[in-house]
Amino acid sequence: MATTLPPTSKSLTFLAPASPPHVISTPLAPPAASELVVKVHAAAINPVDIQLYNSGLLGWLAGKKEKGIGRDYSGTVVAVGASVKGWKEGDEVFGLITRPTGEGTISEYVHPVVGKDPLAKKPTCWTHELAAAVPLVVLTAFSCLDWLPADKKKNGFGRVVVAGASGGVGMWCVQLAKKLYNCHVTGICSAKNADFVREMGADEVVDYTSEFVGQALLEGLPAGRQYDLYIDCVGGTEIFEDLYTLLHPNAAYVTIVGDKTRRTAMGGPLTYLTNPAQVLRFIKGLIWGPRYANILLYAKSELLEQVAGLAERGEAEVVVQEVVKGVLEDGSDAWKKIYDFMEGGRVRGKIVAAIE
Ligand SMILES: NC(=O)c1ccc[n+]([C@@H]2O[C@H](COP(=O)([O-])OP(=O)(O)OC[C@H]3O[C@@H](n4cnc5c(N)ncnc54)[C@H](OP(=O)(O)O)[C@@H]3O)[C@@H](O)[C@H]2O)c1
């Protein structure tokens, strides 16, 4: 029997950039033909949520209306659109919704479009809090690792560096480099996270707070070898003076941030528009190598299915530093807590909001 949907759904939204978010209640629409309605149990927070909240970009794209916060979610399907195949009410799903019009997942209900918004069945071994912590970061890690040279993807034994290895994206880069491509992984993090990064699978760790990173990476190379892939999840340009010694010409340097280091400013490929140095580096890398790219995540459901499969086989670990409660309660300090975690930039794994 079809579930009767409640008349309204509560969401955390904001109007102008950086204006205090508030909880609103809006009519809950039934699913359009290709949509699901999902009752959200948990939503994860990513740095991009804070960057969009602070920038005028969402306002420019979505206009003056209320804009939602959050991209990741995990929940239960409560209604299925007329043309949707393969999903039914009661299915537990996790996924990503990135709408330029500003629909957020810190909401009681979301409307993913099947075939467009990445989503997959939640592995039974993950709680909703764990599953919500996965989509955006794992889809980004998959796109970073795609830059491994083809022979290393096929035969394994590549050497990969992950800067920001203890963060949301970094911990997946470390895990997937080991599990999917049998690489030797060097993680860059602070000393307090060294054991954690080793537990994720890193063979070596460089502490950026006490070592010269370029020099430590060079010392970590066996004679005659260079690295195949440098994944930057932090931003900045300090490493470039050592880049041509660290990487061979067929290797790649990929960044998901770019040259900027300010946590609350938008990064990613958009910064090609504002920073010509990155464009020159890209062209230079294309001609002479190593390749340089500032990249975006791959928004693909099959990659979420792949990671769910790894989880079911006990081969993927999700780490949530804190589950914040009360984010949809008026007067709660939950948003402030979330914002401070994200602005601080020292989260181990992920911060998740429970949607009660
Ligand atoms: N282009 C895209 O598609 C895309 C997708 C996802 C994310 N991003 C961007 O990528 C960045 C990382 O995202 P995230 O979710 O992984 O962030 P995150 O989880 O908030 O990263 C926090 C981690 O960064 C580490 N860290 C901070 N400074 C560091 C440094 N100098 N060297 C090494 N590690 C350092 C911290 O470790 P310690 O405490 O040990 O310092 C902490 O574990 C953000 O700027 C985000 O906006 C882009």
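Each reported figure results from applying straightforward, stated rules to the coordinates on display, with no laboratory input. Since we're looking at a predicted model, the values are computed, not measured. Cβ atoms come from the backbone with ideal geometry, glycine included; neighbour counts cover every protein chain shown.
Computed quantities for the displayed model
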read-out: Burial ranking of peptide ranges 216-224, 97-105 (average Cβ count within 10 Å, highest at the top); value: 97-105, 216-224
read-out: Across Lys64/Lys85; Lys39/Lys337; Lys85/Lys154; Lys88/Lys152; Lys64/Lys325; Lys67/Lys192, pairs whose alpha-carbon gap is larger than 31 Å; value: Lys64/Lys85; Lys85/Lys154; Lys88/Lys152; Lys67/Lys192
read-out: For Val37, residues with placed amide H under 5 Å, excluding near neighbours; value: Val78, Ala79, Val80, Gly81
read-out: For Val319, Val197, Val254, order by how many other beta-carbon atoms lie within 10 Å, fewest first; value: Val319, Val254, Val197
read-out: Projected label distance in nm at Ile287 and Asp195, using a 7 Å step from Cα toward the beta-carbon; value: 5.0 nm
read-out: Leading residue at positive end of dipole, the stretch 1-158 (Cβ point charges), from Ser19, Ala42, Ser143; value: Ser143
read-out: Cβ-Cβ FRET estimate between Arg225 and Glu329, R0 fixed at 51 Å, reported to 0.05; value: 0.40
read-out: Sites Glu305 and Asp203, calculated FRET efficiency, Cβ-Cβ separation with R0 25 Å, nearest 0.05; value: 0.35
read-out: Two-site label geometry, Glu211 and Ala62: point separation in nm, points 7 Å out along Cα→Cβ; value: 4.2 nm
read-out: The stretch 244-279: chymotrypsin sites (Phe, Trp or Tyr not before Pro) in DSSP loop, at most 16 other beta carbons within 10 Å; value: none
read-out: Fewest-first ranking of Lys116, Lys122, using other Cβ atoms within 10 Å as the exposure measure; value: Lys116, Lys122
read-out: For Val324, distant residues with modelled amide H under 5 Å away; value: Val352, Ala353, Ala354
read-out: For Lys325, Lys64, Lys178, order by how many other beta-carbon atoms lie within 10 Å, fewest first; value: Lys64, Lys325, Lys178
read-out: In nm, spacing of pseudo-spin labels at Ala18 and Lys116 (7 Å Cα→C-beta vector); value: 3.3 nm
read-out: Candidate aspartates and glutamates - alpha carbon under 12 Å from Lys178, same-chain residues fewer than 8 apart omitted; value: Glu199, Asp203, Glu315
read-out: Mean separation of Cα contacts under 8 Å (6+ apart) over length of the chain, as relative contact order %; value: 19 percent
read-out: Whole-Å distance, taken between Cα centres, linking the stretch 324-348 and the stretch 108-177; value: 23 Å
read-out: Net length gained if the chain between Thr245 and Thr8 were fully extended (0.36 nm per residue, minus Cα distance); value: 79.5 nm
